[in-house]
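Accompanying notes for the structure given below.
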2 protein chains.
Amino acid sequence: MYRDRIRLPSLSSKVMSAADAAALIQDGMTVGMSGFTRAGEAKAVPHALAERARQEPLKITLMTGASLGNDLDKQLTEAGVLSRRMPFQVDNTLRKAINAGQVMFIDQHLSETVEQLRNKQLKLPDLAVIEAVAITEQGHIVPTTSVGNSASFAIFAKQVIIEINLAHNPNLEGLHDIYIPSYRPTRTPIPLVKADDRIGSTAIPIDPAKIVAIVITEQPDSPSTVTPPDSETQAIADHLIAFLKEEVADGRMTNRLGPLQAGIGNIANAVMCGLIDSPFEDLTMYSEVLQDSTFDLIDAGKLSFASGSSITLSDRRNSDVFGNLERYKEKLVLRPQEISNHPEVVRRLGIIGINTALEFDLYGNVNSTHVCGTRMMNGIGGSGDFARNAHLAIFVTKSIAKGGAISSVVPMVSHVDHTEHDVDILVTEIGLADLRGLAPRERARVIIDNCVHPMYRAALNDYFERACALGGHTPHILREALSWHINLDETGKMLAD
Amino acid sequence: MYRDRIRLPSLSSKVMSAADAAALIQDGMTVGMSGFTRAGEAKAVPHALAERARQEPLKITLMTGASLGNDLDKQLTEAGVLSRRMPFQVDNTLRKAINAGQVMFIDQHLSETVEQLRNKQLKLPDLAVIEAVAITEQGHIVPTTSVGNSASFAIFAKQVIIEINLAHNPNLEGLHDIYIPSYRPTRTPIPLVKADDRIGSTAIPIDPAKIVAIVITEQPDSPSTVTPPDSETQAIADHLIAFLKEEVADGRMTNRLGPLQAGIGNIANAVMCGLIDSPFEDLTMYSEVLQDSTFDLIDAGKLSFASGSSITLSDRRNSDVFGNLERYKEKLVLRPQEISNHPEVVRRLGIIGINTALEFDLYGNVNSTHVCGTRMMNGIGGSGDFARNAHLAIFVTKSIAKGGAISSVVPMVSHVDHTEHDVDILVTEIGLADLRGLAPRERARVIIDNCVHPMYRAALNDYFERACALGGHTPHILREALSWHINLDETGKMLAD
């Protein structure tokens, strides 16, 4: 039944079990696997690899596009397979191993991993494991629900293992647009000038002689865990939509806005859902991950086109979208993450980038990754690729966490992922701060007045006023700057009652 | 004698005194002036403006390319003219006013100011004051020793004042390449694929009807204050050149290296001077500012072409270069800073970016701007434009300052301008840390072993080991993380004897 999925007949002989394919991965290898935001990851081979590592010592460097589903990072961590991991993850078990210093995690801007590989600044993958819906007559790889770094991994690796996943709709073929920047010093501009431009091929072009194994699977992607908007995420969406209406009214953009990018997760999804009832029309997305809200917006007639690097859906949406792919296919494209996130394209298109902050400070510096400055949550992901060059770099978060024990607005962030230079707009359920063209002291005033939860407003105001009395372009009281995080670490709450 | 400098005859009637021209600037205006790294700034009109402001209340928002020479920021600050200032400065008097909260300073990535103007996210200049060597037959402006933001300021402003500066060699005409990105959503790629490509016009195209005043001046640019290499800057250069040789030996680049960018100042200048005696050949620069070392490298036959946004020379080099411009002209181009620093071009060309850090931390986060986290030195300048997308993002600094009272390597930087994601190589006179592909704990080890002054090595090692015992992807002891800066603020030294 999978013969129509392997259209180069000479490759049929490469079909083998996952265990046999996993046996090709040797201790000490660098392996590049497909997978981006729990979509389109290789499934059977890493699972078999974890099984094998329970019997014999086996350590690898694992590169992916972004996060894996199906508990694969958990299985690989528990089996002790991961010595190094890049460029992103979201798994609780792996996170603990990273924070314990057991797995060396290289947290990267998602557009940069393959650029560093191309320049031989990272060790090239010995082997790539790529999930596919099909192998073409030419032996080229048709990816599934994500492109991520799969194309460059397959091109750079000496050997390629393909997982043909029968659980995916074969009609995914044609959805992808594989474009790889040429080598320097003769690189030319990326010829993409609109979100719906197609500039590459529909399959990953490799020499089929590199394909050393083909494994047939039938395991679906993990569903996303996105939850419906709550009153706070709805308030964030409302503030942002009100702001965007003003931008249109002030003539800074049209009713089509700019191409939209939304980070993964509940808040960004809620913001995108909020656009369904907005006056904006003929919207486009130029984003990393296409979530439920993308398809809700298409169904509502609001979104004309969506470009991403992966599709990650909830159970609610999954069979509906992939079972009726022909309804959406002309309005979608999946690109390598190097292109979906490329600074050149982000700057050219004028993207509205909406990403989630873990915390931000009085001056608009954003921490996206580190709890109390030390413990990694997930990784910076693509947020920096977008925020630096976006037309509007927007960060969203609820103003408090853990029932108020934590304020998301702090005197000084405990870790910086996005500097104040790169942050235009901050939104909490309390309100929106427009920081454009403001000096730090002005930014602080706008943030305190608009974004801070009332529980913390007086304390932040007090800090800011005492800091200003000490002076400086960016006033701080160094002895107190991290005191809220120290309190949290030591007492479980940022401020005493 | 200046009739040949104003080649559109109808404009002759606009010639007036600097005081009369300055009278066109009204209280509350936003003014865009030429000037980048003390080169090519308008001189007579801002001086006259400061004079006038001593008689009557007058406040403006002043935008430039980058820093001004001839003590203009000092004069304007002392006269109380500046309410707002962007995007960069280096003046001691202005710095004090910024840190006292008297002048609102907006510290920006230098490629971004005109992008924000184009998108109406900053108030457009009411008036532009641009230094020129000539006005063409079409009424277009030929800049002098810098382009900076002059082209977009003149295009956006309702009124333009030109300072024709007779002190500049008229043969500067032809050196400039004025290219302005088109408006979104129909923007096309910047068609620059090599450092020596010319993609624009040699003069700034504006409607001559906007020219409301022409002032004739004869005041030279301020000389740069660059000093010859000392033993420490020479050691930094030596470490970096040894590293670049290894990169060539390892096949990661050729003997031509990549296009070089060097920040302003003594260390970067020393590094560039060090290339004179290196084995590298047929080098190119794609940088912001062309300093003495650029011309030393051309004279030595090492540098084939240099692209910048300004030329800033010492007294030693000034008359030699500008008096013999025909010797260099075919090897030079000056571009708008939006193009010299553009992320799209920086990423495409694969630039080797060398910039100066004020301090960096165990994990490779860099502070370029804020003393003890609060007091602005100069501004981030173009360092972020280059570091984020460079092929190699290199930061250099001496390992200690103030006779050892300050370590340039600290547990946690007191302010972040460049996150660890954007920093590849750190160099002090002690040695070089290659951070590529390393996790934070590995980065710390390499930095401590290679870059830290022996005076501080044991203390940093102790901090790092105790932090690791606490755990975390990026281990820190929050109670001590900023203690070195607190000590410095309170006692004048980071560590007690």
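The values are calculated or read from the model by the stated rules, or taken from the named source; none is laboratory data. From a predicted model like this one, the values you see are computed outputs, not experimental measurements. Note that each Cβ is placed from the backbone with ideal geometry, even for glycine, and that neighbours are counted across all protein chains shown.
List the number of the failed condition for A:ARG436; all other conditions in (1) closer than 12 Å to A:VAL366 by Cα; (2) in contact with an Asp or Glu (Cβ under 7 Å, 6 or more places away or on another chain) hold.
Failed condition: (1).
Say we look at the range A:438-454 and pick out the residues that are within 14 Å of chain B (Cβ to nearest Cβ) and among the charged types (D, E, K, R); which of these is surrounded by the most Cβ atoms within 10 Å (Cβ to Cβ)? If you could, list the steps in order and put the result at the bottom.
Quick first cut of the range A:438-454, residues within 14 Å of chain B (Cβ to nearest Cβ) only: A:438-446.
If we keep only those that are among the charged types (D, E, K, R) as well, we get A:441-443, A:445.
Details: A:ARG441: 19, A:GLU442: 15, A:ARG443: 25, A:ARG445: 15.
Only one residue tops the list, namely A:ARG443.
Among the residues of the range B:42-57, are any farther than 30 Å from A:ALA387 by Cβ, charged (D, E, K, R) and in contact (Cβ under 8 Å) with a residue 40 or more places away in the chain?
yes
Out of the residues in the range A:63-105 meeting the condition of being outside any loop (DSSP other than H, G, I, E, B), of a type in the set (S, T, N, Q) and more than 18 Å from A:THR30 (Cβ to Cβ), tell me which one is nearest to the other protein chains (Cβ to nearest Cβ). Steps first, answer last, please.
Restricting attention to the range A:63-105, the residues satisfying the condition of being outside any loop (DSSP other than H, G, I, E, B) are A:63, A:72-78, A:82-86, A:92-99, A:104-105.
Those left that are additionally of a type in the set (S, T, N, Q): A:75, A:77, A:83, A:92-93, A:99.
With more than 18 Å from A:THR30 (Cβ to Cβ) added as a condition, the list becomes A:75, A:92-93, A:99.
Values: A:GLN75: 21, A:ASN92: 14, A:THR93: 14, A:ASN99: 5 Å.
Top of the filtered list is A:ASN99.
Just a yes or no: is a residue in the range B:329-336 out of contact with any Lys or Arg (no Cβ under 7 Å at 6 or more places or on another chain), part of a loop (DSSP other than H, G, I, E, B) and surrounded by 23 or more Cβ atoms within 10 Å (Cβ to Cβ)? It would help to see each step written out before you state the result.
Restricting attention to the range B:329-336, the residues satisfying the condition of being out of contact with any Lys or Arg (no Cβ under 7 Å at 6 or more places or on another chain) are B:329-332, B:334-336.
Filter once more, keeping what is part of a loop (DSSP other than H, G, I, E, B): B:335.
Going one step further and asking which of them are surrounded by 23 or more Cβ atoms within 10 Å (Cβ to Cβ), we end up with B:335.
Yes: one or more hits.
Within the range B:108-141, take every residue that is aliphatic (A, V, I, L, M) and within 15 Å of B:SER310 (Cβ to Cβ) and give me the one that is farthest from the chain's Cα centre (by Cα).
The qualifying residue farthest from the chain's Cα centre (by Cα) is B:VAL133.
Scan B:ILE206, B:ILE199 and give me the residue that is assigned to a loop (DSSP other than H, G, I, E, B), more than 14 Å from every other protein chain (Cβ to nearest Cβ) and within 30 Å of A:MET253 (Cβ to Cβ).
B:ILE206 is the lone residue from the list that is assigned to a loop (DSSP other than H, G, I, E, B), more than 14 Å from every other protein chain (Cβ to nearest Cβ) and within 30 Å of A:MET253 (Cβ to Cβ).
Quick one: A:GLY437 ticks every box in (1) at negative phi; (2) touching a helix residue (DSSP H, G or I) at 6+ places or on another chain (Cβ under 8 Å) except a single one, so which number is it?
Condition not satisfied by A:GLY437: (1).
Tally time: how many residues in the range A:190-212 are closer than 24 Å to A:PRO125 by Cα and either among the acidic types (Asp, Glu) or surrounded by 15 or more Cβ atoms within 10 Å (Cβ to Cβ) (or both)?
Here the count works out to 12.
Take the range B:455-497 and flag every residue that is outside any helix (DSSP H, G or I) and either of a type in the set (Lys, Arg) or more than 7 Å from chain A (Cβ to nearest Cβ) (or both).
Result: B:ILE477, B:GLY492, B:LYS493, B:MET494, B:LEU495, B:ALA496, B:ASP497.
Give the range A:225-264 a look and list any residue that's surrounded by fewer than 21 Cβ atoms within 10 Å (Cβ to Cβ), touching a strand residue (DSSP E or B) at 6+ places or on another chain (Cβ under 8 Å) and assigned to a loop (DSSP other than H, G, I, E, B), or say none.
A:ARG256
For residues that are more than 24 Å from A:VAL452 (Cα to Cα) and of a type in the set (A, V, I, L, M, F, W, C), scanning just the range A:349-375, find the one that is nearest to the other protein chains (Cβ to nearest Cβ).
Per the criteria, the residue is A:LEU349.
Within the group A:GLU420, A:GLU429, which residue is more than 14 Å from chain B (Cβ to nearest Cβ) and touching a residue at least 24 places away in the same chain (Cβ under 8 Å)? Please lay out each step first, then the result.
Working: A:GLU420 fails: more than 14 Å from chain B (Cβ to nearest Cβ).
It is A:GLU429.
Could you say whether any residue in the range A:114-126 is in contact with an Asp or Glu (Cβ under 6 Å, 6 or more places away or on another chain) and crowded, with 24+ Cβ neighbours inside 10 Å?
yes
State all residues of the range B:175-189 that are buried (at least 21 other Cβ atoms within 10 Å of the Cβ) and either β-branched (Val, Ile, Thr) or in a strand (DSSP E or B) (or both); if no residue qualifies, say none.
Listed by number, the residues that qualify are B:HIS176, B:ILE178.
In the list A:LEU72, A:LEU110, which residue meets the criterion of being outside the structural domain of A:MET377 (by the TED database), surrounded by 23 or more Cβ atoms within 10 Å (Cβ to Cβ) and free of Cβ contacts under 8 Å to residues at least 40 places away in the same chain?
On inspection, the qualifying residue turns out to be A:LEU72.
Out of the residues in the range B:3-25 that are crowded, with 20+ Cβ neighbours inside 10 Å and of a type outside the set (Val, Ile, Thr), which is farthest from B:ARG54 (Cα to Cα)?
Here the residue is B:ARG5.
Look through B:LEU94, B:LEU24 and report the one residue that is of a type in the set (A, V, I, L, M, F, W, C) and farther than 23 Å from B:GLU218 by Cβ.
Values: B:LEU24 fails: farther than 23 Å from B:GLU218 by Cβ.
Just one listed residue meets the conditions, B:LEU94.
If you check A:ALA242, A:ALA235, which single one turns out to be in contact (Cβ under 8 Å) with a residue 60 or more places away in the chain, farther than 24 Å from A:THR312 by Cα and touching an Asp or Glu at 6+ places or on another chain (Cβ under 6 Å)?
A:ALA235
Could you tell me which of the residues A:ILE180, A:ILE135, A:ILE211, A:ILE141 is in contact with a helix residue (DSSP H, G or I) (Cβ under 7 Å, 6 or more places away or on another chain) and within 30 Å of B:LEU435 (Cα to Cα)?
A:ILE180
Checking A:ALA270 against (1) away from chain B (no Cβ under 14 Å); (2) in a helix (DSSP H, G or I); (3) surrounded by fewer than 18 Cβ atoms within 10 Å (Cβ to Cβ), only one condition comes out false. Which one?
(3) is the only condition that A:ALA270 fails.
Take the residues of the range B:369-383 that are in contact with a strand residue (DSSP E or B) (Cβ under 7 Å, 6 or more places away or on another chain) and assigned to a loop (DSSP other than H, G, I, E, B): which is farthest from A:LEU482 (Cα to Cα)? Outline the logic, then answer.
Looking only at the range B:369-383, we keep the residues that are in contact with a strand residue (DSSP E or B) (Cβ under 7 Å, 6 or more places away or on another chain), and these are B:369-370, B:376-377, B:383.
Those left that are additionally assigned to a loop (DSSP other than H, G, I, E, B): B:369, B:377.
Numbers: B:THR369: 20, B:MET377: 23 Å.
Within the range B:369-383, the match that is farthest from A:LEU482 (Cα to Cα) is B:MET377.
When the residues of the range A:390-404 are filtered to those that are within 23 Å of the chain's Cα centre (by Cα) and of a type in the set (Gly, Ala, Ser), which remaining residue is surrounded by the most Cβ atoms within 10 Å (Cβ to Cβ)?
Among those residues, the one meeting the criterion is A:ALA393.
Go through the range A:473-482 and count every residue that is closer than 14 Å to A:ARG443 by Cα and of a type in the set (Gly, Ala, Ser).
Qualifying residue count for the region: 0.
With the requirement that a residue be surrounded by fewer than 23 Cβ atoms within 10 Å (Cβ to Cβ) and part of a loop (DSSP other than H, G, I, E, B), what does the range A:26-54 give you?
Result: A:GLN26, A:ASP27, A:GLY28, A:MET29, A:ARG54.
Among (1) in a loop (DSSP other than H, G, I, E, B); (2) within 14 Å of chain B (Cβ to nearest Cβ), which single condition is A:LEU117 missing?
With (1) in a loop (DSSP other than H, G, I, E, B); (2) within 14 Å of chain B (Cβ to nearest Cβ) applied to A:LEU117, the lone miss is (1).
Is the range B:374-389 home to any residue that is surrounded by 24 or more Cβ atoms within 10 Å (Cβ to Cβ), of a type outside the set (D, E, K, R) and more than 14 Å from the chain's Cα centre (by Cα)?
yes
Only one of these is buried (at least 21 other Cβ atoms within 10 Å of the Cβ) and more than 19 Å from the chain's Cα centre (by Cα): B:SER407, B:SER340. Name it.
Exactly one of B:SER407, B:SER340 is buried (at least 21 other Cβ atoms within 10 Å of the Cβ) and more than 19 Å from the chain's Cα centre (by Cα), namely B:SER407.
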